[in-house]
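See structure below.
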Amino acid sequence: MTEPLAKPKIFVGGVGDLAKIVMAQEGARDMPGGRAALEHELADCLWSVLVLAHRYDVNLDVAFLHTMDELAHSISARGRCDLGPA
C-alpha cells in the first residue's frame, strides 16, 4: 500500500525542482534543461495539483475563481493594477 503522504511529498519535491528551474531562468543559478525542463516541471506540478484536488475532493474551478477574486481585491487595494507579465 502507498504511504498516505506519498503524493504530497512528491508534489513538494516537484515544486522545489520548479523553483530551481525558475531561478535558473532568471539567471540566479545554473541548471541544465532550459525551457524544456521548465515546461516539464510546470506540467508535473499541475498534474500533482489535479491529483491532490481529486484526493481531497476540492473543486478547483470554484477554488480558483474564489482565490483570483481575493487576489484581485488585495492587489487593487494596494493600488496595483498590472497583473500581466513582468
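General observations
- Filtered by the rule that a residue be closer than 28 Å to Asp61 by Cβ and at pLDDT below 85, the range 1-48 gives Thr2, Pro4, Leu5, Ala6, Lys7, Pro8, Lys9, Ile10, Phe11, Val12, Gly13, Gly14.
- Residues (open to solvent by 50 Å² or more (accessible area, probe 1.4 Å), touching a helix residue (DSSP H, G or I) at 6+ places or on another chain (Cβ under 9 Å) and not in a loop (DSSP other than H, G, I, E, B)) located in the range 21-43: Val22, Gln25, Arg35, His40, Leu42
- Subset of the range 56-79 (residues that are assigned to a loop (DSSP other than H, G, I, E, B) and either under 19 Å from Leu18 (Cβ atoms) or open to solvent by 100 Å² or more (accessible area, probe 1.4 Å) (or both)): Tyr56, Asp57, Arg78
- Qualifying positions in the range 44-55 - free of Cβ contacts under 8 Å to residues at least 12 places away in the same chain and within 14 Å of Gly16 (Cα to Cα): Leu46
The values are calculated or read from the model by the stated rules, or taken from the named source; none is laboratory data. All of these numbers come straight from a predicted model, not from anything done at the bench. When we count neighbours, we look across all protein chains shown, and the Cβ atoms used for this are built from the backbone with ideal geometry, even at glycine. Just so you know, the surface numbers come from the protein's heavy atoms only, side chains and all, with ligands and any DNA or RNA stripped out. Shrake-Rupley method; radii C 1.70, N 1.55, O 1.52, S 1.80 Å.
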